[in-house]
Amino acid sequence: MNKWGGKKYLIETKPGFVYVRKGGRYIGRVTAAYPSPEFDRQYWEILTGRKVSAKTSWTALIKSYRASDRWTNLKQGTRRTYERVLIYIEEKNGPKDMTRLQRKDVIAAQSANRHRAKFANDVAAVMSVLCEHAIDIGWLTMNPAKGVRKIQIPKERQKPHKPWTDAAVEAWRAQAQGQASLIFEIGVGSVQRPGDWVDFVWGDYDGECLELHQNKTDKALQLPCTDHLKAALDRAKADLGFAPHPSRPILTTKSGGKMTYDYMVKIMVAERKRLGLMDYDQHALRYRGVMELAWADCDDDEIMSYSGHSTKAMVIKYAGLARQIMRAKTASEKRRLWAQA
């Protein structure tokens, strides 16, 4: 038996540089340390020309993770974020042995996505979660992805959501077409996060109110509909031409299937572009709803009972803006009257 455990065609030209040489030509280099499962995998891949997945591959780990309560207990919004990263990781590293992961590899994966900082940070975060699962099932003893620093988003690229103005709302209601109009009214009228909008089913609507359990907080809410939202829902129901089953999604694709979050975003982006309203995104519809409640003289607790916010910080931010606008208008009117005196 040779130094490679009986494996043929291996030659080490210098320490650490091991090649498969067959028929007088070099057909590939084995970069993994010997002995190791990764060395064996690379050797057979080079020799046979076929991809061989390690038993402890990223694909196998992701499959195991999806079957665990770490995955099944995730809120839908978090699962949506993780799903994009899991697909990315499997496409890049699927058959590779994940037990060979080093901290520098996590940082490299993060850096490769530096141009999209949030996704880059999500990659590092999800890799850390996967490593924790790998520890659970005995593949790792430590988490090499833990504590990797986040990429900071440059200030010039940080763009806060801009609340919809009265003019923007009026333009949308006058010109928006199709499902974009219904999505808009659900956003403003329900005052919920966009991830919750696609989960409303007709059984949640009793003709006056919408009911839901928030994806992020699991908080149960009953939401009296605004006149605009009620009209939009009644119109959409009538347009179906039949009484919808209570489990039928309110927002659907052209084929009648449940609308995904990404599908909804595409509809809204297309309509915002058409109407020249790209300054205002779907996330800001919730803020518009909070502002309307503040204009209606609701206090913070009343607004939170509608929006489902867990803390007052975000309520104060957007309700505070609405209240400042009201006070400024009052001050302006007093000033006008003073000037006329």
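None of the figures in this text is laboratory data; all of them are computed from the coordinates on show. Just so you know, these numbers come straight off a predicted model, no measurement behind them. Note: ideal-geometry Cβ built from the backbone for every residue, glycine included; neighbour counts use all protein chains shown.
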### Query
In 5 Å bins starting at 0, how do the alpha-carbon pair distances of the range 58-152 split up by percent?
3, 14, 26, 27, 20, 9, 1
### J(HN,Hα) series, the range 111-124, from Karplus relation 6.51 cos²θ - 1.76 cosθ + 1.60, nearest Hz, glycine and proline x
5, 5, 10, 4, 5, 10, 4, 4, 5, 4, 5, 5, 4, 4
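Let me check I've understood the local charge: for LEU212, count other residues with C-beta under 11 angstrom from its C-beta, Lys and Arg +1, Asp and Glu -1. What total comes out?
Details: positive: ARG193, LYS219; negative: ASP196, ASP199, ASP204, GLU211, ASP218.
Its environment carries a net charge of -3.
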#### Entry: 5 angstrom amide H check on LEU210, placed H, neighbours 5+ away
LEU223, CYS225
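Can you tell me how the range 17-117 classifies by the Cα gyration tensor, rounded, prolate or oblate, using a/c under 1.5 as the rounded cut? Numbers along the way, then the final one.
On the way: a/c = 2.80, a/b = 2.00, b/c = 1.40.
Verdict is prolate for the range 17-117.
Which shape class, rounded, prolate or oblate, goes with the range 212-278 when its Cα gyration tensor gives a ≥ b ≥ c as root eigenvalues, a/c under 1.5 marks rounded, and past that a/b bigger than b/c marks prolate? Walk me through the numbers before you get to the answer.
On the way: a/c = 1.41, a/b = 1.18, b/c = 1.19.
Rounded.
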### Summary
Applied in sequence order to the range 8-21, the curve 6.51 cos²θ - 1.76 cosθ + 1.60 (Karplus, θ = phi - 60°) yields integer Hz couplings, x standing for Gly and Pro, of 8, 6, 9, 9, 10, 6, 7, x, x, 10, 10, 10, 9, 10
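In the range 145-186, which trypsin sites (Lys or Arg not before Pro) fall in coil by DSSP and have 15 or fewer other Cβ atoms within 10 Å?
On the way: sites: LYS146, ARG149, LYS150, LYS155, ARG157, ARG173; in loops: LYS146, ARG149, LYS150.
Answer in residue order: LYS146, ARG149, LYS150.
Which trypsin sites (Lys or Arg not before Pro) does the range 210-256 hold that lie in a coil by DSSP with at most 11 other beta carbons within 10 Å? Could you put the intermediate results ahead of the total?
Working: sites: LYS216, LYS219, LYS230, ARG235, LYS237, LYS254; in loops: LYS216, LYS219, LYS254.
Answer in residue order: LYS254.
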### Task
Pop out the ³J(HN,Hα) list for the range 94-102 in order, Karplus 6.51 cos²θ - 1.76 cosθ + 1.60 with θ = phi - 60°, rounded to Hz; leave Gly and Pro as x.
x, x, 6, 6, 6, 6, 8, 4, 10
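Go through LYS55/LYS258; LYS118/LYS317; LYS118/LYS266; LYS159/LYS237; LYS96/LYS258; LYS92/LYS216 and tell me which ones have a Cα-Cα distance over 27 Å in this structure.
Working: LYS55/LYS258 36 Å; LYS118/LYS317 23 Å; LYS118/LYS266 19 Å; LYS159/LYS237 36 Å; LYS96/LYS258 35 Å; LYS92/LYS216 29 Å.
Pairs exceeding 27 Å: LYS55/LYS258; LYS159/LYS237; LYS96/LYS258; LYS92/LYS216.
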#### Entry: Net charge of neighbours whose Cβ lies under 9 Å from the Cβ of ASP97, counting Lys and Arg as +1 and Asp and Glu as -1
+3
### Task
Would you indicate which of (i) 34, 21, 19; (ii) 29, 24, 19; (iii) 54, 24, 18 is the value of semi-axes √(5λ) of the Cα gyration tensor in Å derived from the coordinates of this structure?
(iii)
